[in-house]
Structures are given as structure tokens and as C-alpha cells.
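Read through the structure below, which is laid out as C-alpha cells, and then see the notes.
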Amino acid sequence: MDRSELQQLDAEALRVRLADAERNYYANLHELQEQLARLNAVQVLSKLLIGYGDPDAALDKLVDLSIRDFGVEKAVVLQPRDDGYAVVAIKGYSRRRVRELNDCVVGGGEQIAQIVDGGASRLFEDIDGELANALDLSQAIICPLRSDSGEFYGLFIVGFSAAKAVLYRAFTNSDRNFFDMVAAQVSALLQNIRLRDTFRKFVPRQFLDRLAKQGLGNIELGEADSGVVTILFADIRAFTALSETLSPQELLNFLNTYFEQMNSPIHANGGFIDKFIGDAIMCLFIDEDPAIAARNAVRTSLDMLAALQSYNEQRKLEGSDPISIGLGIHTGETVIGTVGSADRMDSTVLGDAVNLASRIESLTKQYEVPILISSSTHALVTSDPTIRCREIGLVTVRGREEPDTIYEVLSDERQESVDSGKSSRNP
């Protein structure tokens, strides 16, 4: 072999090596681009974990990102029902197929049962069962969505059909690990939402919105926000005498039934219950426009009386005596914050306005009227023709040195009583 042949051989080998290097370069570049796209998508997904997201919106975003940035053909989230699994989020299917899947509940099969029981994500090169047929999947990664405590939220499934398999590279364990990480993030979001919903049963959402802007885990002792709030107190008349006639369980059942009746008008008018104090209800009305909050509170008081009338009719049918309530309303500056200790906190509203609202409610017994409001609340509602009031007079409530003018809010029945000269006595 002469020199020219050797040079030609070396050149050919060099071309082969260059070609291999080029292929490896573009393969690595493609892989890096794919990983970068996935990382960016995960960052978008992570934003859903901040605050209190909507679970349906988060799951829809999850399947959307899976198709757009995670390199899969189909993505589905299933949640368990009594007789199988139902689709709650889906992407990568025709509209007709989406309608079909949204209208049915399918079984999971043995492979799905293993994942649910074992709690680990799995890569299946060939999945079987009714679920696999319904979802038209060949190779797939199936990830369980679980809370830290093991609560099962559903299944996150990505994959592709046999017909499109040649268009997608086969899944690897690296892909499984990636989607397992995504599923863990979504599980954390769902757990946060469940935790939020549980907190709402004990702490009003309006408090959480003000005090937990960075999430429930970031609430600290002494967190505070101030503003003008309208406070409504409602109290049952002669509750002590009533409670003495009931057993502890009967008393608890009565209070829960009564509170349930009062809850609806409060929330219907934009208020929220701060706390129950024995038989008393303390609720708040907050709006950027204090006049709106005051009007909502006064309308709530009237609606509560109407609800009480219906409740008393039911009690009469059950052979029980009717009950009566008093309601006091005041609008003023307050501080909303957390109080307590490092290991036991509570949310509350502080300020003279809270005390005054409570004192005004107690005056309803003295003046034998159902609803009394302060002058500050009256000034905010006086322009509303649907709210009718009668001045009671200038009074000094217990615990305050300066007097305040209080007003009775008139229901239709009270208006007729006043017009006919049967009004309650003035101070």
C-alpha cells in the first residue's frame, strides 16, 4: 500500500470519526434541549405550588405541560371512584375520545393495583387491562399521586399508543425518575389544597388570605393586618335557662342545628364567621368600601331573623319552644392577627370596635329589640333606601366613657309595629 492509499485511508477514518462526533454532538444537544425544556416546564409547574391553587386547574396544567414540553403523546390523571377510575384531566386525545373517557369509569387491572398498593412509579413497556385498552396506550409511565401520610389522590399516566410508538423514543428509567419527581410536586400541591380546606373549617379563608399569603407553613405568631371592619354579634335569648333543660348531647345537637341555620345568610351576604362563643356568633364583613361591608352586615341581620323564623316553625312542629336572638353591629378600625404562643396560635380580631359591637348586642335585651347598630354603621347605610332604621338614643355602653347613638334596624314586622305606635320603649 503506497503513501497515497494510506493518506486516503486516514482521511476516510477521519471522516467516519467526524461523522460519529457530529451525531453524538446533535444527540447530546437534543438531549440537553429536552432536559432544559423539561426543567423550564417543571419551574412553571412549581409556581402552582405557591399559595392555594385550584386542583382542577393544576391537573389540567400538568397534562398540558406533559404534551407540550415533556415529550409524550398522551397524558391523563385518573382519580378513584367506587367502581374504578375516572378521568379528571386529559390531553393528547381526540375530542370524541375525550368525551367518551369523561363519561365512563374504567377498571385498573392488576398492574395498576400493584402501583396503588406499592406506592411506586412504574415504567411499563406493555401495559394490560381494561384501563390500558380504554386509554389506548402501549408503553407508559404510571405515577401514583400520594400525600406524605399516604393518602391516595389518583394516578398520573403518560405514554404513547402503539400506532405512534415509532415517532417517540422509548422511555428509560431516567424518564420514570423525572415523571416521579413531577408527580411528587403535584402530590404536594394536592396535599396543600386538602390542608387548606381543612384549615378553612377552623380558620376563615379571609384570615388565611390575609395572614398566609406565603402559604400555611409560613404563618408566624404576631402576623397582623389592620383595616375597617364591620362586626356582627348574635346571641340567643335566655340560653342559660334553655341549656338547663337539655342533656349535653341534646344541647350540642341544638347548637349545631341553630348555627347551621345562621351560617347560610352570613355567607350569602359576603360575611364570615370568626368564632362561636358558647351560643354567640361573631362574624365579620370586610370590603375595600366600608359602606358595602356595613350594608352586607345589616342585610345579614335581617336575613338571620328570617332564617330564625323558619327555624322556629320547624321547632314548633317538633314540639319545642321557639327561640329569639339579639344582634349588634358596629363598624370600626381593627387589627386582624395571630395570637397565642409558638406551639398554639389562633387568629382573631382585636380592637375597641369588637368590644363595642358586643356591648351593642347586649343592649338589645334592655331595649327589647332584635337588631341594634352603632352610629358609625348607621352613617354607612343611611343612604340605602332598603334599610330602615329608628333612632334609639344616645347611650354609654359598659366599658366606654364616650356615649354613642344607637339605632334599631327595622324588619318588615318591626316597621309595622312602629307605624302602629307599638314601638319598643326608648331610653
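Return the total of residues in the stretch 62-84 being farther than 12 Å from Phe156 by Cα and surrounded by 20 or more Cβ atoms within 10 Å (Cβ to Cβ).
Total satisfying the criteria: 4.
I'm told Ala170 meets every condition in (1) at pLDDT 65 or above; (2) assigned to a helix (DSSP H, G or I) except one. Can you identify the failing condition by its number?
(2) is the only condition that Ala170 fails.
Would you mention how many residues in the stretch 377-398 are touching a strand residue (DSSP E or B) at 6+ places or on another chain (Cβ under 6 Å), surrounded by fewer than 20 Cβ atoms within 10 Å (Cβ to Cβ) and closer than 13 Å to Thr331 by Cα?
Result for the stretch 377-398: 0.
Quick check on my filter: what residues within the stretch 244-269 are in a loop (DSSP other than H, G, I, E, B) and either within 21 Å of the chain's Cα centre (by Cα) or in contact (Cβ under 8 Å) with a residue 60 or more places away in the chain (or both)?
Asn269 - this is the single residue of the stretch 244-269 that is in a loop (DSSP other than H, G, I, E, B) and either within 21 Å of the chain's Cα centre (by Cα) or in contact (Cβ under 8 Å) with a residue 60 or more places away in the chain (or both).
Hey, could you check the stretch 337-357 for residues that are surrounded by fewer than 19 Cβ atoms within 10 Å (Cβ to Cβ) and part of a helix (DSSP H, G or I) and say which is modelled with the highest pLDDT?
Asn355
So is Ile127 touching a Ser or Thr at 6+ places or on another chain (Cβ under 9 Å), farther than 18 Å from Pro80 by Cα and either aliphatic (A, V, I, L, M) or surrounded by fewer than 18 Cβ atoms within 10 Å (Cβ to Cβ) (or both) or not?
Taking the combined requirement at face value, the residue satisfies it.
Among the residues of the stretch 272-285, count how many are farther than 25 Å from Thr240 by Cα and either acidic (Asp, Glu) or at pLDDT 90 or above (or both).
Adding up the residues that qualify gives 2.
Surrounded by 19 or more Cβ atoms within 10 Å (Cβ to Cβ) and either among the basic types (Lys, Arg) or modelled with pLDDT of 85 or more (or both) - does that describe any residue in the stretch 94-107?
Within the stretch 94-107, one or more residues are surrounded by 19 or more Cβ atoms within 10 Å (Cβ to Cβ) and either among the basic types (Lys, Arg) or modelled with pLDDT of 85 or more (or both).
Give the residue that is nearest to Ser383 (Cα to Cα), with candidates limited to residues of the stretch 305-317 that are surrounded by 15 or more Cβ atoms within 10 Å (Cβ to Cβ) and not aromatic (Phe, Trp, Tyr).
Among residues in the stretch 305-317 that are surrounded by 15 or more Cβ atoms within 10 Å (Cβ to Cβ) and not aromatic (Phe, Trp, Tyr), the one nearest to Ser383 (Cα to Cα) is Leu305.
Would you point out the residue of the stretch 375-409, among those that are out of contact with any helix residue (DSSP H, G or I) (no Cβ under 9 Å at 6 or more places or on another chain) and charged (D, E, K, R), that is modelled with the highest pLDDT?
Glu402
Starting from residues that are of a type in the set (Asp, Glu) and modelled with pLDDT of 85 or more, keep the ones in the stretch 28-84 and report whichever is farthest from the chain's Cα centre (by Cα).
Glu73
Being exposed (fewer than 12 other Cβ atoms within 10 Å of the Cβ) and either under 25 Å from Thr300 (Cα atoms) or touching a residue at least 40 places away in the same chain (Cβ under 8 Å) (or both) is the filter here, so list the residues in the stretch 399-409 that pass it.
Gly399
Here is a list of conditions, (1) among the polar types (S, T, N, Q); (2) in contact with a Phe, Trp or Tyr (Cβ under 9 Å, 6 or more places away or on another chain); (3) surrounded by fewer than 21 Cβ atoms within 10 Å (Cβ to Cβ), and Ser187 meets all of them except one; can you say which number that is?
(3)
Matching residues to (1) among the charged types (D, E, K, R); (2) closer than 30 Å to Ser376 by Cβ; (3) in contact with a strand residue (DSSP E or B) (Cβ under 7 Å, 6 or more places away or on another chain); (4) buried (at least 20 other Cβ atoms within 10 Å of the Cβ):
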position: Ala241; (1), (2), (3), (4): no, no, no, no
position: Ala268; (1), (2), (3), (4): no, yes, no, no
position: Gly271; (1), (2), (3), (4): no, yes, yes, yes
position: Ala280; (1), (2), (3), (4): no, yes, yes, no
position: Thr300; (1), (2), (3), (4): no, yes, yes, yes
position: Asp303; (1), (2), (3), (4): yes, yes, no, no
position: Ile323; (1), (2), (3), (4): no, yes, yes, no
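Would you please name the residue that is farthest from the chain's Cα centre (by Cα), looking only at residues in the stretch 134-170 that are farther than 19 Å from Gln79 by Cβ and not small (Gly, Ala, Ser)?
My answer is Val166.
The values are calculated or read from the model by the stated rules, or taken from the named source; none is laboratory data. Nothing here was measured: the structure is a model prediction, and the numbers come from that model. Every residue, glycine as well, gets a Cβ built from its backbone with ideal geometry; the counts of neighbours run over all protein chains shown.
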